[in-house]
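A quick write-up on the structure given underneath.
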Amino acid sequence: MAAFNKRRVWLGTLAGGLVWNIFSIAIQMGILGKRYVPEQAIGHLLAAPRYAAFPVVWIATLFVLSGFISALYASVRTTCGAGPKTALAIGMMVGFAAGFPGNFATATWSPLSRFLPLFWMIEMWGGAILAALTAGWLYRD
């Protein structure tokens, strides 16, 4: 594997994680927030998280995933080509792996509205794409 610019990978991690978290918050507060209350009222969702630190851990998790994406982009750009096409492909692959399987299972086996897992999937898939495009845009050898 070719050496890559670790400072730029870190920059892509931080910027991509910030973009992903903003996207995540926009979906949670703007689209899904009002849909949680009825699901909680009928017992499909807990009224409070099992893990009190969940919001902090979730934010950190998106930064970690953004770091994987940033390092992956830096690693493959020499063989796949630098630019948005490669970043988009990486974002789509990581986003699919992070967002589709668990939310497909949730939509299949959970009694809650399929709208929630659909947007949880979009949150992961879209966020990964945005993080990859951000990291790719900032990366320089």
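The values are calculated or read from the model by the stated rules, or taken from the named source; none is laboratory data. Note that the structure is predicted; figures quoted are calculated from it, not measured. Don't worry about glycine lacking a Cβ; one is built from the backbone with ideal geometry, like all the others, and counts go over all protein chains shown. Just so you know, the surface numbers come from the protein's heavy atoms only, side chains and all, with ligands and any DNA or RNA stripped out. Shrake-Rupley method; radii C 1.70, N 1.55, O 1.52, S 1.80 Å.
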So who's got an amide H within less than 5 Å of the one on Leu45, skipping anything under 5 residues away but keeping other chains? H placed 1.01 Å off N, in plane. Gln40
Write down the accessible area per residue of the chain in Å², having rolled a 1.4 Å probe over the full set of protein chains. 60
Kindly rank 67-76, 115-124 from highest to lowest mean number of other beta carbons found within 10 Å of each residue. 67-76, 115-124
Quick check: the angle from helix 6-25's long axis to the longest principal axis of the chain, C-alpha only, nearest 10 degrees? 20
So, with points 7 Å from each Cα along the Cβ direction, the Ala26-Trp137 label distance in nm works out to 1.1
Note, the range 124-141: 3J(HN,Hα) by Karplus (6.51, -1.76, 1.60, θ = phi - 60°), whole Hz, Gly/Pro = x, goes 6, 5, x, x, 5, 5, 4, 5, 5, 5, 5, 4, x, 5, 8, 6, 9, 5
For the chain, set up a Gaussian network in which alpha carbons nearer than 10 Å are linked by springs, and say which option among Leu18, Leu45, Leu88 fluctuates the most. Leu45
Of the heavy-atom accessible surface of the chain (probe 1.4 angstrom), what whole percent is carbon and sulfur? 74
Compute the separation of the alpha-carbon centres of the range 19-68 and the range 107-126 and state it in Å as a whole number. 12
Acute angle (nearest 10 degrees) that the helix 84-109 long axis makes with the longest principal axis of the chain, alpha-carbon atoms: 20
Here the longest stretch of the chain that holds no trypsin sites (Lys or Arg not before Pro) in a DSSP loop having at most 13 other beta carbon atoms within 10 Å is 51-113
Can you give the accessible area of Phe96, probe radius 1.4 Å, in Å² rounded to 10? 90
Over the heavy atoms of Thr106, what accessible area does a 1.4 Å probe trace out, to the nearest 10 Å²? 40
Taking the chain as the reference, fit the longest principal axis to its C-alpha atoms, fit the long axis of helix 54-80 to the helix C-alpha atoms, and give the angle between the two in degrees, 0 to 90, nearest 10. 30
Net charge of Cβ neighbours under 12 Å - reference Phe115; Lys, Arg +1; Asp, Glu -1: +2
Rounded accessible area of Leu11 (nearest 10 Å², 1.4 Å probe): 70
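Express in nm, to one decimal, how much length is gained between Met93 and Ala60 on full extension, taking 0.36 nm for each residue of separation and deducting their alpha carbon distance.
Values: separation 33, 0.36 × 33 = 11.88 nm, distance 2.05 nm.
Working it through step by step, the gained length comes to 9.8 nm.
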FRET efficiency for Ala41 and Ser113, using Cβ-Cβ distance with R0 set to 22 Å, rounded to 0.05: 0.95
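Magnitude of the Cβ-charge dipole of the range 15-141, K/R +1 and D/E -1, about the Cα centre, nearest 20 debye?
Values: 7 positive and 3 negative charges, 17 e Å.
With Lys and Arg at +1 and Asp and Glu at -1, about 80 debye.
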